[in-house]
Every structure is written in C-alpha cells, then in structure tokens.
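Working notes, beginning with the structure itself.
The values are calculated or read from the model by the stated rules, or taken from the named source; none is laboratory data. From a predicted model like this one, the values you see are computed outputs, not experimental measurements. Neighbour counts are summed over all protein chains in view; Cβ atoms, including those assigned to glycine, are modelled from backbone coordinates with ideal geometry. Calculation scope for accessible area: heavy atoms of the full protein, side chains included, ligands and nucleic acids excluded. Shrake-Rupley method; radii C 1.70, N 1.55, O 1.52, S 1.80 Å.
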Amino acid sequence: MLYPSPIRLLFPFLFCLSLVAETLPHVYEQANALYRHGRGDPQDAAEALQLFLVAAEAGHPSAQFYAGRMYQLGHGTERSFAQAADWYRLAGQNGQARAWNNLANVYLDEPELAPDPLAFLRCYEQASQMGMAMGSNNLAKVYHHGKHGMEKDYSRALSYYMTSLKQCSDYPGVWNNVGRLYENGDPGLKRNLKLAERAYRKGVELEDADALYNLADLYYDEELDAEPEEIQSLLERAAELGHVRAQFRLGWIHESGRYGVRAYHQAIPYYEKAAKQGHAAALNNLAMLLVKSRREAESSPRVIELLEAAAAKNNQYALNNLGYRHVYQKFPEADPRTGIDLLIRSAELGYREAILNLG
C-alpha cells in the first residue's frame, strides 16, 4: 500500500495558511473603512465588529485592539468590559502599546476585572516602555495628582512627563503640567519659578490655553516680572481658545482698572463669555456690573437669573447679593425667608458683608 508523504499531506494546510495570510489584511481594511476609529456610520458598526473579530481571531493585532475598543465603548454591540479586557490583553501581547493603555483604563473603570489593585499601573508602564506617549503621560498624571490611591511624587511625575515628550515632542498639555510641577514644588521636587516659566513658554509655543493662562497668572501674581501688555496678551490668546479663567480674569482687569482705566464696556463681553461656560464668579460679576453700568435695573429678570445661577454654584458673593434682594423684596417673587437662608449660607462661607446684612 502506498502512503502519502508527510510533505504532500501538508500542502492543503499550507495552502489554507497562505489564503488566510492574503485575506486577513483585506478583512481588516474592510472593517477599518466601516468603523473609522468610531467616526463611521453607527449603522455599520455591527458589521465592522464582525469583520474585526474574523481578523482578530486569526491573529491580526490591530483588529484585536479594535475589537477591544468596540466592546469597551459599546460600538456595534452591548458593552462588555470583560471581552474588551480579553482582546486588549491579547493585542498588547501581540505588540499593540495602545492596547495596554486602554486595558489600564478598563481596570480602573471595572476594578473587579483587574488581577490586583496595581494592574492598571503595570499596563500603563508597559505602554510607556513600548514608546506610547499617552501611556507615559497617564503615568505622570497618576504621580502628579496622586490618583487611584497612589501617593503624589512630583519627581517621578516629572520623569514620566519628560519621557512622554521624548516620545512625542508636542504631546498636548505636558509642558503646562511640567510648569505646574515646578511652580508648586514638593513632594519630591524643589519649587523653581524660572523652570516653571520656561516650561510654560514651551507650552505657549504650542498654543496651549492652560500654559498661556498659567504663565500670565505667574506674572499677574507678581511672582515674576512682566509688562502688563504681555500679561493681557497672554490672557487674550487663552481667552480666544475658550479658557474660562482667562476670560474671567480679563473681565476683572477691565472692571477694576488693574492696568489702566476702568472699562466696563470691555469687561462685560469677557464676563459674558465666562458666564456662558458656567463660571460662578463671572455670573455674579456680570450681574453686578450690568447694574453698575446702568445697563440693567438692580433686580431685573436678567440680573436675578444670573445671581440665581451663581448662587446655585455656592458663590458667596452671589448668595449675599441674591439674599439681599430677597430680604428687601426687590423683585416680585422675592421671599424674605429665602433671603435669610441665602445670607446665612454666604456668612458660613466667610463673606463679611453677608454677616453684616444678617445683623
């Protein structure tokens, strides 16, 4: 009897492997074209997931990553953090740094899936070691802010921030965060305003709104010297980028005349921009400035609405200003008992005028 040779028996298997190798990229590209990193038509998400799963099960690392992402976010399927974790883990083992970063996030969102409380940290470290700036940045923020039960360690945070900059020289927000570390100092890092200024200026070159504001703030508080024109210019650039504290600060500069004459007509638009973003002090200051500039009556509907919005955010000045209007029944719906409660809340926050009003 003639037996087939082992080589001849391998032909069909080798042919199948070749076919899979040729088909796999095509299946992945089809899925990717439908999904487009989550920006594709939601109606196509389920089909994209099925195609990703075909490629993922055949060993395609990027398909494994996207399968994890779709399960994590519930794109094209019910959310399943357990399946997301499984696919991310496999993709990470197959060389996907971003999968380790996302697996860390899954462990933080769903701690019961993590093998131990520090698993998220090891995943971020794995992503960082594989050259992913986001992983390095996430590690830095853990030690910068003492997140997830870790102790603050500014020296270690700085090291990871600098690693992320080596991996991506313009990674968003990093230079600003380095500036914050040096401006605050401790724990583990000596305060150095000159190095803070240098870091903020790196962020300013990248048009980072926080860096623009924080550099201006460093000068505004007279920690370092700068001309008023430069301070206002930095704040204006930050305000144009939507930075709410810069908008409020510009409103106050123009209202108070900090760097020249008072200009209510210039202050009001900045307060309005900050108020639209829900800035409590801007809501209060806008209400009071509208009255001061005689654009609104003392208890016009707009003024009351602004004060109510600021009081809801527990702004001590708004609590006093609104409480006063209630107590003295300055508008039709005023209620003296409500006014007293508002004044008490303001007084408890330490506002002296509210204490006097209560007296």
Say we look at the stretch 63-78 and pick out the residues that are in contact with a Leu (Cβ under 7 Å, 6 or more places away or on another chain) and of a type in the set (S, T, N, Q); which of these is nearest to Pro42 (Cα to Cα)?
Thr77
Quick one: what pairs do we get from the stretch 34-51, first residue farther than 18 Å from Arg98 by Cα and among the small types (Gly, Ala, Ser), second assigned to a loop (DSSP other than H, G, I, E, B) and open to solvent by 40 Å² or more (accessible area, probe 1.4 Å), C-beta under 6 Å, 6+ apart or different chains?
Ala45/His75
Subset of the stretch 82-96 [under 12 Å from Ala63 (Cα atoms), open to solvent by 30 Å² or more (accessible area, probe 1.4 Å) and in a helix (DSSP H, G or I)]
Trp87, Leu90
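Matching residues to (1) loosely packed, with under 14 Cβ neighbours inside 10 Å; (2) closer than 17 Å to His279 by Cα:
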position: Ala311; (1), (2): no, yes
position: Glu333; (1), (2): yes, no
position: Arg337; (1), (2): yes, no
position: Leu342; (1), (2): no, no
position: Ala354; (1), (2): no, no
Can you report the number of residues in the stretch 256-275 which are within 20 Å of Asn315 (Cβ to Cβ), touching a residue at least 24 places away in the same chain (Cβ under 8 Å) and open to solvent by 20 Å² or more (accessible area, probe 1.4 Å)?
2
Restrict the check to the stretch 187-198 and report whether at least one residue is modelled with pLDDT under 95 and either of a type in the set (Ser, Thr, Tyr) or open to solvent by 50 Å² or more (accessible area, probe 1.4 Å) (or both).
yes
Quick one: how many residues across the stretch 55-70 are more than 11 Å from Pro25 (Cα to Cα) and among the polar types (S, T, N, Q)?
1
For residues in the stretch 97-147 being charged (D, E, K, R) and touching a Lys or Arg at 6+ places or on another chain (Cβ under 8 Å), which is most open to solvent (accessible area, probe 1.4 Å)?
Lys147
Restrict the check to the stretch 102-120 and report whether at least one residue is at pLDDT 95 or above, touching a Ser or Thr at 6+ places or on another chain (Cβ under 9 Å) and polar (S, T, N, Q).
no
